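No value in this document is a laboratory result; all are computed from the given coordinates. This structure is a prediction, so every number in the text was calculated from the model and none was measured. In this analysis, Cβ positions are derived from the backbone assuming ideal geometry, glycine residues included, and neighbour counts consider all displayed protein chains.
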Amino acid sequence: MTPMTPQRFAQIVDAYGADPRRWPEGERASACAFAAACPHEAQPRLDAAAALDACLAADTVEAPGRALQRRIVASAHVPTRGWATGARSTRWWLPGAALAGAGVAGLVAGAMAMSSVMMMSGEPTSTLHEPSSSYLSTGFGTSGEEGGVQ
Amino acid sequence: MNPRDPDAELLARVARADASAVRQFVARKLPRLLALAVRMLGDRMEAEDVAQETFVRIWKQAPHWREGEARVDTWLHRVAMNLCYDRLRVRREVPDDTLDETQPDDAGQGPITPEAALEARQQGARVRQALAALPPRQREALVLTYYQALSNAEAAGLMGLTVDALESLLVRARRSLRAQLSEAAAAKPAPQGRPRARGREAEPTPAARKR
């Protein structure tokens, strides 16, 4: 542990305040040791810093409102229902009867139709970890818009 | 040995359009980002705009995020700070007179007398005014280290500074704040026994909205 100098101790307290938890991690122990060893020198500076810290702590910011949270969540444009994306959208279920005698064009048309049916009846996304909150039950984004998070 | 970024997995799920992850991410990050913007801009409405725009950019970039390049939280702070500075540049930032942030709730503090609540609000307003009067770089240094609780290395990295330069800003910021708050305290009428919370005590000066 590098011994702390009075000048460096002063710099630390003047920059970071009186709470050792805010002091640079690598110097915290030596600064605390200095304060304990030289209280006459350290304490007035610590007291002044603590007074300012108390003032700073008086400034609090009101938590974000639900409307803001909703807007931000909605801006992600994530559909609520299990909208198939990427590779999943290609896992079309094709019943055997639809395949029998179908040409390529028919296959494609049929697959696209089935895909639409699949997506419209998709299961809701998992809600395992959702905290209960009314704003969470609203839809996300607006239907038909481009996906914002893909 | 770098500990794993606690936000990386959640952001990856956001990038996969996981609605639950989006909600969790917002719940986890919005309060701090909003607080950062409020303290930098001194204007709640602008701060909410910045917070919202920050997340819009996050949503767009999430699919391209590579874990290990930087911490997600650091990245969020950088985006938010850039947006704050954009606002400050547009505003041609003038210290003070920009506050319209009504002091927030005391709900988390338990039972409190009306007089104490008023004093707390007034003190908070004085601090906010003093913060707004700081040069932006000093304010940023203080907000990042004191309120956002970033380490000196993280804050210095965000600001593109050495730790020494960051500490220099912090020392000046704290010195300025102390002086301003001392002046404000000296100007405040002395309490007379039990001050009563009437309709108009020495309320903070309502801010002129700057647009």
Sticking with the crude label model, points 7 Å out along Cα→Cβ, report the distance from B:Glu69 to B:Arg4 in nm, one decimal please.
2.1 nm
Once both labels are modelled 7 Å past Cα along the beta-carbon direction, what's the A:Thr2-B:Ala186 spacing in nm?
3.8 nm
With each label point set 7 Å from Cα along the Cα-Cβ vector, what nm distance links A:Arg28 and A:Gln43?
2.4 nm
